Amino acid sequence: MRFAFPVAVAALIALSLPAVGVLTADAAGYGPDLNTWLETRGGLSHHLAVSLPAAFVLLAVPLGLVVLHLLRLRRTPVVVSSTLFWRASTEDLSANALLRWLQRTVPLLLQLLAAFLFAYGVLGPRLHAALGSGKHFIILIDNSASMAATDAGPSRLDWAKAEALKRIDAAAEGDVGMVVAFNRAAEIRQSYTADRELLRAAVRGVRQSVGQTRLDEALRLAAGLANPTSSTENEAARPPNADPGKERTYVPAEGVAAEVHLYTDGGFPPVADFSLANLALEYHAPPVAEKSNNVAVVRLEAASGEAGQLSVTAAVRNYRDTTVEVSVQLDAVDGSRAVRSYTKPVRLNAAETAEVEFTVPDPELPLRVTLEGAADSLALDDAAWVVPAVARKARVAVYGPKNPVLDAFLGSAETRKVADVTRLGTADLADPAKYLDPARNGRFDLVVFDRCAPTDLPRANTLFIGSRPPGIGVGATVKNPRIVGWAGGHPVTRGLRDLYAVPIAGAARLTNLPPGTERILESDGNVVLLAGVPRPPFTDLVLAFPILDDAGKWNTLWPLEPSFVLFLRNVLRAYGNVREGITTDVTRAGDSVPLRCAPGRRVTVAAPGGRTVSLEPTDRGEATFTDTADLGLYTATDGSETHRFAVNLLAAEESDLSPHPTVIVGSQTATAGEVRRPPRELWKWAVLAALLVLMAEWWVYASRVR
């Protein structure tokens, strides 16, 4: 038995090493990696039940016990005449010897063992079950703009993340979870896993966005796993060369039932035409007041006024149930600096919307509107930006013989206000200076070919009247065709009426129309009278009949109808890139912004906050910017031209912070349930009681040996 005690000491030291190693890994930030390694190798993981400093303090308790045992004897030497106590005194001296005290301290071994076991309890070791043995749950976290409201904890998003972490902590062994963050788009932050550390990390990693709330895509992601439309077994069992139209299901797809925990404030439209099927939806809404505490800018427009001034209109809405007074400030900004500011006070009754108008003398600078003194729960909608649209005329070229009807429209005062027209003849198509060079350089926005056609198409939209672009064939002439249908939603037919009565003497039958051609005007016998031929990024409009024939005689009486003038006006505005200096379009977070630049030049976009993105345009000088994740002003430049645009919230449904007790998904209505409470952590009291018992045991023992 002489070696029993040293062996026990060595075993205790070995027992402490894994705990020290795990705590060291956590302190160095390798806790999740260690969990992954442990689960892969042995199906184990850990989760500290206390903070890291507290765990190190608990691990130091055994060292404290050793020190206490070393210091437990404090005897005063007394001379006695009997030898009865010699043996006991010798044993006490042996106990105090540094190298011999370990021979009789069995209670210390027990105390150290208990302390180490407590330390391992705090480390929270877990044995993972098989992945398929537990329930499946999906956590959907709304990180849209309204979740930045501060009326539920630090923010609604912080509340949602805290509740999602409680759900993960409450999961049973073997439960498998997934984390999805959504706003107007959905993103899988963590696919199905039983590793709670990975799920927790995914929840903590969800960041606030400025997008609108849309649940559709998030539910479809969840349903894609729980309600599959096909299975690999079915594809394997399908016979080859099955007859088209006679396919059938050989092995039905089996979904996986899953609980869907939806953490959102419910500010989204009902999700129609959706079946939950294997999904059990639980709706968790933040605990907020019945009436929202918010004042928001919900609309911002700018239009050119008289004498070169700019008229700016901002709509401000009060979502409170009380009257509020705020100041609306308009800043003309140059970069991050406000060059000029204008302020107007506004008083809003409960649930009232007011329009605040400003007149700005310098319309060339971007503008920012902010609410001062709102003191509300959502700051994202207290500001909006607008880039005044610069009025731009269309650059139009017309080639062909004289046409009094066409020339009368192009020469009118109304047309001259929105277009600069260049009138040339048919012979000019072969002149490099008058057609070939301008066509290659994209000098024109719209080119009209009246009863003529070029060899090479220009870098512009075109309108062919009584002619056709290269590659389009013609068949026999159709006599007296009548218009039997038209695409009423197309830009060039907007507002057109009574086209059935338009007389036409003759029209060409267009053939070899490429895929994607728009059939804008049609006649009997599958005859296309007006076609929109795609030539990205341009469009070639082909009118199959001329206004005047080659002899100068009228081929149609359509010019006598008001619809003809409206048709030409629509073509000019839709395909001539006319801008009238009115800014009403809203670009929101997540929208794509098309950019035009000189061919061969890269486009650099400077986003709010100093972030820059470089884009490689197409051969036609086009680029699409999609990283509109921040609110504010963006500047795009290719080195020669600069284009500014603004990304705004301007969404009334996001600014309305009132609670939504129910959400509608398909034919089902989900009601917000009670907030999940975290499980009570009773182990802390047990550990404290055990430590007190151990200290009491040492005190009693020390008292007895004095």
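A few remarks follow.
Table: residues versus (1) free of Cβ contacts under 8 Å to residues at least 60 places away in the same chain; (2) within 21 Å of Ile547 (Cα to Cα); (3) in a loop (DSSP other than H, G, I, E, B).
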residue	(1), (2), (3)
Arg443	yes, no, yes
Phe449	yes, yes, no
Val492	no, yes, no
Arg497	no, yes, yes
Ala508	yes, yes, no
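- Output for segment 385-420, where each listed residue is touching an Asp or Glu at 6+ places or on another chain (Cβ under 8 Å), at pLDDT below 90 and over 30 Å from Asn648 (Cα atoms): none
- Scan segment 173-201 for residues that are aromatic (Phe, Trp, Tyr) and either surrounded by fewer than 19 Cβ atoms within 10 Å (Cβ to Cβ) or touching a Pro at 6+ places or on another chain (Cβ under 9 Å) (or both) and the total you get is 1.
- Residue match in segment 605-613 (condition: over 24 Å from the mean Cα position of the chain (by Cα) and either hydroxyl-bearing (Ser, Thr, Tyr) or more than 29 Å from Val295 (Cα to Cα) (or both)): no
- Only a single item in (1) out of contact with any strand residue (DSSP E or B) (no Cβ under 7 Å at 6 or more places or on another chain); (2) more than 30 Å from Leu548 (Cβ to Cβ); (3) open to solvent by 70 Å² or more (accessible area, probe 1.4 Å) is not met by Lys344, and it is number (1).
- Index of the failed condition, Leu633 passing every other in (1) in contact with a Pro (Cβ under 8 Å, 6 or more places away or on another chain); (2) part of a loop (DSSP other than H, G, I, E, B): (2)
- The set of residues from segment 347-389 being β-branched (Val, Ile, Thr) and open to solvent by 30 Å² or more (accessible area, probe 1.4 Å) comprises Thr353, Thr359, Val387.
Listed here are the residues, each with its yes/no results for (1) β-branched (Val, Ile, Thr); (2) in contact (Cβ under 8 Å) with a residue 24 or more places away in the chain.
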| site | (1), (2) |
| --- | --- |
| Leu595 | no, yes |
| Arg601 | no, yes |
| Arg611 | no, no |
| Leu615 | no, no |
| Thr624 | yes, yes |
| Thr637 | yes, yes |
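- Qualifying position, being modelled with pLDDT of 65 or more and open to solvent by less than 70 Å² (accessible area, probe 1.4 Å), among Thr637, Thr642, Thr669: Thr637
- Under the condition of being in contact (Cβ under 8 Å) with a residue 12 or more places away in the chain, of a type in the set (A, V, I, L, M, F, W, C) and part of a loop (DSSP other than H, G, I, E, B), the residues counted in segment 536-566 number 4.
- Asp456 falls short of the stated requirement of being acidic (Asp, Glu) and over 14 Å from Asp540 (Cβ atoms).
- Qualifying residue in segment 417-438 (condition: in a loop (DSSP other than H, G, I, E, B), touching a Leu at 6+ places or on another chain (Cβ under 9 Å) and not small (Gly, Ala, Ser)): yes
- Among (1) polar (S, T, N, Q); (2) open to solvent by less than 10 Å² (accessible area, probe 1.4 Å); (3) within 23 Å of Leu557 (Cβ to Cβ) - the single one Asn480 does not satisfy: (2)
- Residues in segment 606-630 that are assigned to a helix (DSSP H, G or I) and open to solvent by 70 Å² or more (accessible area, probe 1.4 Å): 1 in all.
- Condition met for Val295 (under 30 Å from Pro154 (Cβ atoms), hydrophobic (A, V, I, L, M, F, W, C) and under 29 Å from the mean Cα position of the chain (by Cα)): yes
- Residue satisfying condition, being modelled with pLDDT of 95 or more, of a type outside the set (S, T, N, Q), more than 30 Å from Gly639 (Cβ to Cβ) and open to solvent by less than 20 Å² (accessible area, probe 1.4 Å), within set Leu572, Leu541, Leu496: Leu541
- Residues considered: Ala296, Ala289, Ala314, Ala280. Of these, the only one that is surrounded by fewer than 22 Cβ atoms within 10 Å (Cβ to Cβ) and part of a strand (DSSP E or B) is Ala280.
- Any hit, segment 371-394, residues being in contact with a Pro (Cβ under 6 Å, 6 or more places away or on another chain) and not in a strand (DSSP E or B): yes
- Considering segment 121-172, the residues that are open to solvent by 10 Å² or more (accessible area, probe 1.4 Å) and among the basic types (Lys, Arg) include one that is modelled with the lowest pLDDT, namely Arg126.
- Filter result (touching a Leu at 6+ places or on another chain (Cβ under 6 Å) and either modelled with pLDDT of 95 or more or open to solvent by 20 Å² or more (accessible area, probe 1.4 Å) (or both)) within segment 204-223: Gln208, Val210
- Picking from residues in segment 1-59 that are at pLDDT 75 or above and charged (D, E, K, R), the one that is nearest to Ala115 (Cα to Cα) is Asp26.
- Residue tally, condition of a type in the set (Phe, Trp, Tyr) and either free of Cβ contacts under 8 Å to residues at least 12 places away in the same chain or in a loop (DSSP other than H, G, I, E, B) (or both), over segment 357-370: 0
The values are calculated or read from the model by the stated rules, or taken from the named source; none is laboratory data. Being a predicted model, the structure only gives us computed values, none of them experimental. Note that we place each Cβ from the backbone using ideal geometry, even for glycine, and neighbour counts take in every protein chain shown. Only protein heavy atoms, including side chains, enter the accessible area calculation; ligands, DNA and RNA are left aside. Shrake-Rupley method; radii C 1.70, N 1.55, O 1.52, S 1.80 Å.
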